[in-house]
Amino acid sequence: MTSSSTKDLVSQPYKYGFVTEIETDKIAKGLSEDVVRLISAKKEEPDFLLQFRLRAFRNWLTLEEPDWAELGYPEIDYQNIVYYAAPKQQDKKASLDEVDPKLLETFDKLGIPLSEQKRLSNVAVDAVFDSVSIATTYKEKLAEHGVVFCSFSEAVKEHPELIERYLGSVVSSNDNYFAALNSAVFSDGSFVFIPKGVECPMELSTYFRINSGDTGQFERTLIVAEEGASVSYLEGCTAPMFDTNQLHAAVVELVVLDDASIKYSTVQNWYAGDENGVGGIYNFVTKRGQCRGARSRISWTQVETGSAITWKYPSCLLQGADSVGEFYSVALTNNCQQADTGTKMVHVGPRTRSTIVSKGISAGRSSNSYRGLVQMGRNAKGARNYSQCDSMLIGDQAAANTYPYIRSQQPQAAIEHEASTCRISEDQLFYLQSRGIGFEEAVSMMVSGFCRDVFNQLPMEFAAEADKLLALKLEGSVG
Amino acid sequence: MIRPDAELLLEITDLHAAVEDKPILKGVNLQVRAGEIHAVMGRNGSGKSTLSKVLAGHPAYRVTGGSVRYRSQDLFELEPEERARLGVFLGFQYPVEIPGVSNLEFLRVATNARREKQGSEELDTFAFEDHVREKLAVVQMDPAFLERSVNEGFSGGEKKRNEILQMALLEPVVSILDETDSGLDIDALRIVAGGVNQLATTDNATLLITHYQRLLDEITPDYVHVMAAGRILRTGGRELALELEQTGYDWVDKELAAQGVA
Ligand SMILES: Nc1ncnc2c1ncn2[C@@H]1O[C@H](COP(=O)(O)OP(=O)(O)OP(=O)(O)O)[C@@H](O)[C@H]1O
Ligand SMILES: [Mg+2]
């Protein structure tokens, strides 16, 4: 190729790879029942939560790390990980003025300004640094509407009855290896409660930042939408560049009652490791939503661009009659990244509907697998699913796989599956170039065209961001 | 229109090019001045499309010798997108489909890339819609095509019209139209030819690659070149095309044999 080949272009470094120098309160490496008790004690938790953690820990000991995914990585030494790290600061800040300026600066640098003057006008943000939430914006304004949006730790203190009722009700503590691990040691995360009939007045968002090099990150997110309530929630995440791997094992639970809806969007940009596959986050996440009520709706939208390893299947349990589950996903892998991601749509109630749109883009030597299950239960009369799984290959060393599983016990359920694979060809790029469009822009035009159906689902402010992020991630990958 | 004092836009000198180490162009010489229309003819496989792609900068074709100057600049120093911005246009023999990329957005980005070089102001979405509607008239194209993905599912003829629409938008200085006439029905041929004539001025030049006189009935060339075995074997006026229509290319073999190229 001519010099326009991006092989010659300097790859854009990961913008979020810096480390914040800050004093942390860390416990020693390793995991045992004592460590679980210590975490719970540090957080001054009620007994029901300690018992929840201990049950989870005992379950975890009996479980096996899953090996069915299309992923390869060296064995993880669970005793070589720090399970609790928190920036040292006085008890929970009464106002943002008391938050360590270094932390505020960090979030500024990440493009998530928290301070009064600079913060986004229509998005409330919960900022999580290593294991703890450091600030939540617009709490008071949301409270006026009866909306609870706070860190998980605060929710445990202020709304223990809600936590006790809903925690583990969607993802039980023995659901799988990583969910059990999370349930035992989770440190913080976000809690959202939208009461009956309330439409949340602004976007809610949690931003996760891993800072320490040897710390695992285990957050827990719980969102409950009561009858007729609705909310749109977005999570973002970044991490510094270390040449070791950090473990991230999160659990997200969504509960939706009659006529309620939750739209959950993720832009995942954890550090992916360097071009030779050194370093990067191991991302093992369990996300599941339960449409408990009739006509309830859950929509997952994810843009997965980071992490060395991604293992993630945001799912919907469609119990309520006429409930709706959606999954829109863009997963991009480059260099040596590996992703095994998809969804599970479990149709229980009658006339439940689900839509799956998955767009996998593999560049470099990466591997990108879609794995999805559509299950039609005995009572899912008149249920429908539509799935579309498209893969785009860039270059000739990347791999794409699609594993659709279908289980149906209901003859009157309709399942439709479409799949396609394409490759960005030299001729297509040349065509765009010969019209004055630069090589990089040509690639990103084609990629964003490929992802449009998914980007259209993202909240407006983030769709453009996602577009830029993909372009950035692909720099240097075509040629 | 031939004017010996017109600006020399394109000067191809002893051009050699190869694809995958297979030599295809073997010494092409050609000079194109402003205001001129050149027809390039020749058998299948003689190297016409290769010449056009080398001029546009396709990465699969390697220049192995000779030079091309475009308005006294070394063309090969420029990236393909830079050539386009400076006014080199290639209408493809086989325009590719680009699923997912909106034709309208593509045309707008391309037009603005060219306009920036011309010193014209950038057209935003609304201004561009008006602008493109004007140009659609040149090829009598249905605006519905703007809403679709670039060339996706377009018929052969529709793709060719879309190429001329791009030419109208980009206002090129040198246009190379590679078999723009093939695949067009009789009416479309007339419309497209009319469009090309409308766009031809005394400041620009057109290279028409074609197999058929019927296009040259509509667009009168100043020169007709016959390519064979990677070179221009013969050059004449418009009468050469008419002559070819009668004689075909049998004489080409004799002439090549006489020159020791078989
Ligand atoms: N990418 C390529 N790989 C291999 N061979 C090629 C490639 N491009 C062109 N060629 C060969 O180069 C020669 C010239 O091809 P070219 O397309 O330039 O011919 P042409 O004169 O345009 O023919 P036509 O009238 O059929 O369009 C042919 O033998 C063709 O097979
Ligand atoms: Mg050709």
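The values are calculated or read from the model by the stated rules, or taken from the named source; none is laboratory data. The structure displayed is predicted, hence computed values, not measured ones. Here the Cβ positions follow ideal geometry from the backbone for every residue, glycine too, while neighbour counts run over all protein chains shown.
Quick notes on this one:
- In region B:23-56, the residues that are away from ligand 2 (no atom under 16 Å from the Cβ) and part of a strand (DSSP E or B): B:23, B:26, B:27, B:29, B:30, B:31, B:32, B:33, B:37
- Region A:418-427, residues that are over 18 Å from residue A:334 (Cα atoms) and either more than 10 Å from chain B (Cβ to nearest Cβ) or in a strand (DSSP E or B) (or both): A:418, A:419, A:420
- Here is the figure for region A:222-246: residues that are closer than 18 Å to residue A:309 by Cβ and surrounded by fewer than 23 Cβ atoms within 10 Å (Cβ to Cβ) total 6.
- Selected residue (criterion: farthest from ligand 2 (Cβ to nearest atom)) from residues of region B:2-22 that are within 14 Å of another protein chain (Cβ to nearest Cβ) and either acidic (Asp, Glu) or buried (at least 21 other Cβ atoms within 10 Å of the Cβ) (or both): B:20
- Odd one out for residue B:184, checked against (1) modelled with pLDDT under 95; (2) more than 16 Å from ligand 1 (Cβ to nearest atom); (3) aliphatic (A, V, I, L, M); (4) farther than 25 Å from residue B:6 by Cβ: (2)
- Boolean, residue B:78 is near ligand 1 (Cβ under 9 Å from one of its atoms) and at pLDDT 95 or above: no
- Among residues of region A:298-336, those that are of a type in the set (Gly, Ala, Ser) and outside any loop (DSSP other than H, G, I, E, B), counted: 5
- Residue match in region B:117-134 (condition: of a type outside the set (D, E, K, R), in contact (Cβ under 8 Å) with a residue 12 or more places away in the chain and within 12 Å of chain A (Cβ to nearest Cβ)): yes
- Looking only at residues in region B:201-218 that are away from ligand 1 (no atom under 16 Å from the Cβ) and closer than 18 Å to residue B:31 by Cβ, the one that is farthest from the other protein chains (Cβ to nearest Cβ) is B:202.
- Residue in region B:109-119 that is more than 16 Å from ligand 1 (Cβ to nearest atom), touching a His at 6+ places or on another chain (Cβ under 9 Å) and outside any strand (DSSP E or B) present: yes
- If you go through region B:192-213 and keep only what is away from ligand 2 (no atom under 16 Å from the Cβ) and either of a type in the set (D, E, K, R) or in contact with a Pro (Cβ under 8 Å, 6 or more places away or on another chain) (or both), you end up with B:203, B:204.
- Tabulated pairs, region B:98-116, first over 16 Å from residue B:133 (Cβ atoms), second in a helix (DSSP H, G or I) and modelled with pLDDT of 95 or more, C-beta under 6 angstrom, 6+ apart or interchain: B:113/B:85; B:114/B:85; B:114/B:170
- Region B:152-177, residues that are buried (at least 24 other Cβ atoms within 10 Å of the Cβ) and within 15 Å of ligand 1 (Cβ to nearest atom): B:160, B:176, B:177
- Boolean, residue B:222 is at pLDDT below 95 and either crowded, with 20+ Cβ neighbours inside 10 Å or more than 16 Å from ligand 1 (Cβ to nearest atom) (or both): no
- Flag for residue A:374 being touching a residue at least 40 places away in the same chain (Cβ under 8 Å) and within 18 Å of residue A:362 (Cβ to Cβ): no
- Answer residue from region B:64-76, given it is farther than 17 Å from residue B:89 by Cβ and more than 10 Å from chain A (Cβ to nearest Cβ) and is surrounded by the most Cβ atoms within 10 Å (Cβ to Cβ) among those: B:66
- Among the residues listed as B:92, B:106, B:76, the single one being of a type in the set (Phe, Trp, Tyr) and closer than 22 Å to residue B:123 by Cα: B:106
- Qualifying positions in region A:404-414 - part of a strand (DSSP E or B) and surrounded by 17 or more Cβ atoms within 10 Å (Cβ to Cβ): A:404, A:408
- Condition broken by residue B:58, with the remaining ones in (1) at the interface with another protein chain (Cβ under 9 Å from one of its Cβ atoms); (2) touching a residue at least 24 places away in the same chain (Cβ under 8 Å); (3) in contact with a Pro (Cβ under 8 Å, 6 or more places away or on another chain) satisfied: (2)
- Hey, residue B:6 in contact with a Lys or Arg (Cβ under 6 Å, 6 or more places away or on another chain) and under 30 Å from residue A:456 (Cβ atoms) or not: no
- Meeting the requirement of 1 or more residues that are touching a residue at least 60 places away in the same chain (Cβ under 8 Å) and in contact with a His (Cβ under 7 Å, 6 or more places away or on another chain), the strands (runs of 3 or more DSSP E) wholly within region B:146-262 are B:205-209, B:223-228, B:231-236.
- Region A:440-462: number of residues that are touching a Leu at 6+ places or on another chain (Cβ under 8 Å) and facing chain B (nearest Cβ under 7 Å): 2
- When region A:300-326 is filtered for residues that are modelled with pLDDT of 95 or more, on the phi < 0 side of the Ramachandran plot and touching a Gly at 6+ places or on another chain (Cβ under 8 Å), the ones remaining, listed by number, are A:300, A:313, A:314, A:315, A:316, A:317, A:318, A:319, A:320, A:321, A:323, A:325.
- For region B:10-51, filtering for residues that are out of contact with any helix residue (DSSP H, G or I) (no Cβ under 9 Å at 6 or more places or on another chain) and more than 8 Å from ligand 1 (Cβ to nearest atom) leaves 17.
- Within region B:84-104, the set of residues being facing another protein chain (nearest Cβ under 8 Å) and in a helix (DSSP H, G or I) comprises B:84, B:85.
Here's the yes/no breakdown for (1) within 14 Å of another protein chain (Cβ to nearest Cβ); (2) within 22 Å of residue A:327 (Cα to Cα); (3) part of a strand (DSSP E or B):
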site: A:372; (1), (2), (3): no, yes, yes
site: A:382; (1), (2), (3): no, yes, no
site: A:386; (1), (2), (3): no, yes, yes
site: A:402; (1), (2), (3): no, yes, yes
site: A:416; (1), (2), (3): no, yes, yes
site: A:429; (1), (2), (3): yes, no, no
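- For region B:54-61, the criterion of being within 16 Å of ligand 1 (Cβ to nearest atom), surrounded by 21 or more Cβ atoms within 10 Å (Cβ to Cβ), within 26 Å of residue B:218 (Cα to Cα) and at pLDDT 95 or above is met by at least one residue.
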